[in-house]
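Right, I'll just put the structure down here and ask away after.
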Amino acid sequence: MINKLLDNCFLTELNSEVIDVKEEDGYYWHAFKETIFYPEGGGMADDIGMIDNHKVLKLKEEEGRLYHLLDVRLEGSVFMSVNLHERFRKCQIHTSQHLISALLGNVYKVKTLSHHVSDEENDIEFDFDHFTDKMAFELQVLCNGLIRDDLEISIIYPTRASAQQFVSADKLTHEELRVVRIGNLDYNLCGCMHVPSLRYLQMIYISGYEKTKHGYKVKYICGDQLLDSVGKRYQVLDEASRTLALSHLYLNTGIHKLLNEQKALEHDVAVWKQKYLVLESERLLQKEEDVLHEFVDDMDVKSVVMLAQMIVEKKTAAVILAKVYDNCHVVIAVSKTSGLNAKELFQRLSQAIHIRGGGTELLAQGGGIYQESWKETILSFPITE
Ligand SMILES: [Zn+2]
């Protein structure tokens, strides 16, 4: 049975009477003579609210009645109140969907395929074969023009014969027909709750669109949701503005400047690293030994490899153990004329200390979690047997 109390979205308080109570696991399902609670359906969520100051935990329809789950058993007269803010917000979102679907249906003869509501943004999918920025902009102008015109939204209960003038007979399957009209623009069978006229939508923002498998999704934000959304975004922009000491409109310029500065710094770091490696290799090449075993703890892996390659331009071989944070990295490099095989040497070393890696004849490398006890093994590892 249709609950006509839901025709007025602002009816959020009501005195009613308990007519049935069913217990379930210490909770109580209540049915009342009348109710203002909307049970989930048509893409619209359950109403949130209280009955005699007890929160309504769940709603369900059974035997043609709506049951309300409470943590106490109530009797006699009760006072119901529904959260108006939540109710109004979802009515705005739902009614906006009617409006957008009606406009696009009238202008482009497209069908609505699905509707999705979320806290942040909603979307409606249409069977469009194309959709453009211009169409999105025109839709927004059209919606807000009609909101300014404040078309009335009426709920009517037509006879089957009168409904057939607007809706094809195969859609008129319900026993009782409930129709939502927006002025002369739209005539739609719907059991949900709506705002009483378009001005209650306040404003619709078409926030984007997206190609889907069956058409296009048009995204929108409206009314209270739009104001919340603007508030949240302003907060983020304000924080970013303070951090960069720039106004909102110059934030992107500031971000690009930072990115360019970072690139320049990275370039400088690479130049100084190279200079350091040259100096370090010159210092090591002054040593008398022809095979160098070195320990470093201030270089990244790439630098260690470069250092090893610089050393074997003049020396026979280099074994470098690098400690990089908690990890170790071992590089074995041999000169082209040495007749040695770095890959085989690395395999031999990895059997002794269980490190993983591999490489080529001239350079092999690998590592694992750093262990102090390996240091002596690696730094005394015999290259020539
Ligand atoms: Zn509706």
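Each value in this text was obtained by applying a stated rule to the coordinates, not by laboratory testing. Just so it is clear, the model here is predicted, and its values are computed rather than measured. Because the Cβ atoms are built from the backbone with ideal geometry, glycine has one as well, and the counts that use them run over all protein chains shown.
Using the C-alpha atoms of the chain, what convex hull volume per residue, in cubic angstrom, is computed?
Once divided by residue count, the hull of the chain is 281 Å³.
Which whole-angstrom value gives the distance between the alpha carbon centres of segment 1-29 and segment 178-213?
27
In a shell of Cβ-Cβ distance under 12 Å around VAL78, excluding VAL78 itself, what net charge do Lys and Arg (+1) and Asp and Glu (-1) give?
Every neighbour counted, the sum reads -3.
Further question on the same structure: Could you tell me what percent of the DSSP beta bridges with both partners in segment 268-379 are antiparallel, to the nearest 5?
If I count the DSSP bridges inside segment 268-379, around 75 percent turn out antiparallel.
Could you size up the charge dipole of segment 187-275 around its Cα centre, putting +1 on the beta carbon of Lys and Arg and -1 on that of Asp and Glu, and report it in debye to the nearest 20?
Charge dipole of segment 187-275: 300 debye, to the nearest 20.
In Å, the Kirkwood hydrodynamic radius of segment 235-374 over pairs of distinct alpha carbons?
17.6
Lysines near LYS375 by alpha-carbon distance under 17 Å, same-chain residues fewer than 8 away left out - which ones?
Reachable lysines: LYS323.
Quick check on my link table: of LYS111/LYS213; LYS275/LYS343; LYS55/LYS232; LYS55/LYS171; LYS90/LYS219, which ones sit more than 26 Å apart, alpha carbon to alpha carbon?
Cα-Cα > 26 Å for LYS275/LYS343; LYS55/LYS232; LYS55/LYS171; rest within.
Right, here's the next one. Roughly how many Å is it from the Cα centre of segment 137-177 to that of segment 328-350, as a whole number?
What the calculation gives is 80 Å, centre to centre.
Pull up the DSSP beta bridges for the chain and report the antiparallel fraction as a percent, rounded to 5.
In the chain, DSSP labels about 90 percent of beta bridges as antiparallel.
May I ask you to derive the relative contact order of segment 87-231, considering only C-alpha pairs under 8 Å and at least 6 residues apart, and to give it as an integer percent?
Rounded, it is 33 percent for segment 87-231.
A follow-up question, please. Hey, in the GNM for the chain with a 10 angstrom Cα cutoff, which one of GLY64, GLY339, GLY231 fluctuates hardest?
Evaluated over the chain, the most mobile residue of the options is GLY339.
Additional query: Top mean-square fluctuation among ILE311, ILE204, ILE155, Gaussian network model of the chain, C-alpha springs under 10 Å?
Comparing ILE311, ILE204, ILE155 in the GNM, the peak value goes to ILE311.
To continue, here is another question. Can you tell me the order of 104-117, 242-255 when each peptide is scored by its average per-residue count of other Cβ atoms within 10 angstrom, highest first?
Ranking, from highest mean packing down: 104-117, 242-255.
Given the options SER77, HIS30, PHE346, identify the residue whose Cα lies farthest towards the positive end of the charge dipole of the chain (+1 on Cβ of Lys, Arg; -1 on Cβ of Asp, Glu).
PHE346
Still on this structure: Once you've got the GNM for the chain with C-alpha springs shorter than 10 Å, pick whichever of GLY183, GLY366, GLY223 has the biggest mean-square fluctuation.
GLY366
Which order do peptides 331-337, 121-127 fall in by mean Cβ count within 10 Å, highest first?
Highest-to-lowest ranking by the protection proxy: 331-337, 121-127.
Go from 0 up to the bin containing the longest alpha carbon distance in segment 148-196, width 10 Å each, and give me the % of pairs per bin.
Result, from short to long distances: 25, 55, 18, 2 percent.
Provide, as a two-decimal number, the C-alpha radius of gyration of segment 4-82 over 2.2 N^0.38 Å, N being how many residues it has.
1.01
Here's something else I'd like to know. Quick check: Cα centre of segment 284-323 to Cα centre of segment 35-102, how many Å?
What the calculation gives is 74 Å, centre to centre.
Note down the relative contact order for the chain as a percent, whole number, built from C-alpha pairs under 8 angstrom at least six residues apart.
Reported as a whole number, the value is 10 percent.
Right, next: Across every pair of different alpha-carbon atoms, what Kirkwood hydrodynamic radius in Å does segment 87-231 reach?
Value: 15.7 Å, from the Cα pair sum.
Explain nothing, just the number: dipole magnitude of segment 1-111 about its Cα centre with +1 on each Lys and Arg Cβ and -1 on each Asp and Glu Cβ, in debye rounded to the nearest 20.
Dipole size: approximately 740 debye.
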